[in-house]
Amino acid sequence: VSETTSRAAVLREFHEPLTLERYPVPDPEPGGMVARVAYGGICGTDVHLQEGRLPIPRPVVFGHEAVGVVDALGEGLDTDAAGAALAVGDLVAWASNIPCGRCRACVVRGQRTLCPNRRIYGINQRADAWPHLSGGWAERIVLRPGSTVVRVPDGVSAEDAISLGCAGPTAVHGMEHLAGHDLGDVVVQGAGPVGIAAALFARLRGAERVVLVGGPRSRVAVCRDHDLADATVDLDEVPDVSDRLTAVRALTDPDGADTVIECTGVPSAVAEAFELVRPGGAVLVLGQYTDRGDTPINPHVITRKQLRVHGSWAFAERHYAGYVRALPALLRRVPLGQLVTSFALEDVNDALAQVRAGAVIKAALAPAGVTPARPAP
Ligand SMILES: [Zn+2]
Ligand SMILES: [Zn+2]
């Protein structure tokens, strides 16, 4: 690996494979840093971005979730977002987005996830503009001033820290919408990283029982093996919706679940959530991150059951910091690093295909060889 250039996986056009390109590594700006990427996580959203489902600029270095090691610190940056001292060589994780801090959403409404000017690593920073290395699927990433950088707690490995990817802070934000709501029996729809993160944080928040509904079979088996839920319902085994309602209701309070957290990204799952929740319960729609079209919903059920329905978009600084702070507690429940399948940077398109197929729980590229790669299954 050259000290002055870095390879990066770049999307040049929608529907095209990513290509490996090389960019110069600049010195960090004051208040910024350069990090050596240990892992750049691959998320379902990356698959959707490659398919052109969100309007993003091109070319772009992918990788909106990553962890790495401090390579160079810019002038004036000597602590992380939580105030802990930072030094070259520290293992750190960083939030993908930087809200502008000046718009009505940021300042007047205090809703930083809804800032229309957010800069997002790996998604909306052009690779053909300085500093080029603005995504985590690269040997080096240039973190700009204003980034939320958090030192990874002692005892937490890079693999542990990448295991939930952006789903971790997304779930932390989602749970914030349920503040003041007694979680009780929780149904989590979805067995991907968002579903796993939601199940874990629901347990940390004191859920009585977690029932996870999802697929494919291999993912549900991993959830069962790691005891991520008290009960699971496999979509492959119960593909019919009304059979599934019966099966899930048998595992919750007979009136229905106190809380349903949708983490599938499949539009029809929202209608199913309204059926699974009890009267007076809460539904959190967390998984519909990209627009996959309309779905029939009977709104009568929202009124009749007096439902609370929440949407939650991405995450802001405090959610990211909260996620990293929670990692030791999550690790006491689940060996997070075991959820990760790592790939070399040059195998990026193979890794994307595995994520598209749902063949892995969490795929992560190991670009700088900081952590020895484990072979894919
Ligand atoms: Zn993501
Ligand atoms: Zn803003």
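The values are calculated or read from the model by the stated rules, or taken from the named source; none is laboratory data. Computed from a prediction, not measured in an experiment: that's the story for all the values here. Please note: Cβ atoms are built from the backbone with ideal geometry, for glycine as well, and neighbour counts cover all protein chains shown. Surface areas here come from the heavy atoms of the whole protein model, side chains and all, with no ligands, DNA or RNA. Shrake-Rupley method; radii C 1.70, N 1.55, O 1.52, S 1.80 Å.
Quantify, in whole percent, the carbon and sulfur part of the accessible surface of the range 109-182 (1.4 Å probe; protein heavy atoms only).
Values: 1180 of 2540 Å².
Carbon plus sulfur share of accessible area: 46 percent.
Once you have the Cα-Cα distance between residue 240 and residue 14, take 0.36 nm times their residue separation minus that, and quote the gain in nm to one decimal.
Values: separation 226, 0.36 × 226 = 81.36 nm, distance 3.43 nm.
So the extension gain works out to 77.9 nm.
Could you tell me the ratio Rg/Rh of the chain? Both radii from Cα atoms, Rh via Kirkwood. If you can, show how the numbers build up before the last one.
Details: Rg = 20.3 Å, Rh = 21.0 Å.
Taking Rh as the inverse mean 1/r over Cα pairs, Rg/Rh reads 0.97.
Strictly greater than 17 Å: what percent of every Cα pair in the range 1-109 meets that?
Of all Cα-Cα pairs in the range 1-109, 65 percent lie more than 17 Å apart.
Return the whole-Å distance between the Cα centroid of the range 1-69 and the Cα centroid of the range 330-365.
17
Carbon and sulfur: what percent of the range 280-377's accessible surface (1.4 Å probe)? List each step's numbers first, then the result.
Numbers: 2390 of 4650 Å².
Carbon with sulfur: 51 percent of the solvent-accessible area.
What is the percent carbon and sulfur in the accessible area of the range 1-50, measuring with a 1.4 Å probe over the protein chains and ignoring ligands?
Its accessible area is 52 percent carbon and sulfur atoms.
Give, in whole angstrom and from largest to smallest, the semi-axes √(5λ) of the equivalent ellipsoid of the range 84-243, with λ running over the eigenvalues of the Cα gyration tensor. Please report the intermediate quantities before stating the final value.
On the way: eigenvalues 219, 78, 57 Å².
Semi-axes, largest first: 33, 20, 17 Å.
Go ahead and run the numbers for FRET between residue 266 and residue 128, Cβ-Cβ distance against an R0 of 25 Å, rounding to 0.05. Don't jump to the answer; show the numbers that get you there.
Values: r = 35 Å, r/R0 = 1.41.
Efficiency, from the Cβ-Cβ distance: 0.10.
Over all pairs of distinct alpha carbons, what does the Kirkwood formula give as the hydrodynamic radius of the range 94-169, in Å? Each step should come with its number before you reach the end.
Details: mean 1/r = 0.0717 Å⁻¹.
Its Kirkwood hydrodynamic radius stands at 13.9 Å.
Compute, for residue 6, the solvent-accessible surface of its heavy atoms (probe 1.4 Å) with the complete set of protein chains present, and express it in square angstrom to the nearest 10.
Residue 6 has an accessible surface of roughly 0 Å² with all protein chains in place.
Tell me, what is the per residue accessible area of the chain in Å², probe radius 1.4 Å? Present the calculation step by step, with values, prior to reporting the outcome.
On the way: 15170 Å² over 377 residues.
Per residue, the chain has an accessible area of 40 Å².
Equivalent-ellipsoid semi-axes (√(5λ), Cα gyration tensor) for the range 145-223, whole Å, largest first? Let's see the in-between values first.
Details: eigenvalues 108, 64, 25 Å².
Those come to 23, 18, 11 Å.
Which semi-axes, in whole Å and largest first, does the equivalent ellipsoid of the range 262-377 have when worked out from the alpha carbon gyration tensor as the square roots of 5 times its eigenvalues? It would help to have the intermediate numbers written out before the result.
Working: eigenvalues 246, 72, 32 Å².
One finds semi-axes of 35, 19, 13 Å for the range 262-377.
Scale the Cα Rg of the range 209-290 by the rule-of-thumb value 2.2 N^0.38 Å and send over the ratio, two decimals. Walk me through the intermediate numbers first.
Working: Rg = 12.1 Å, N = 82, 2.2 N^0.38 = 11.7 Å.
For the range 209-290, the normalised Cα radius of gyration comes out at 1.03.
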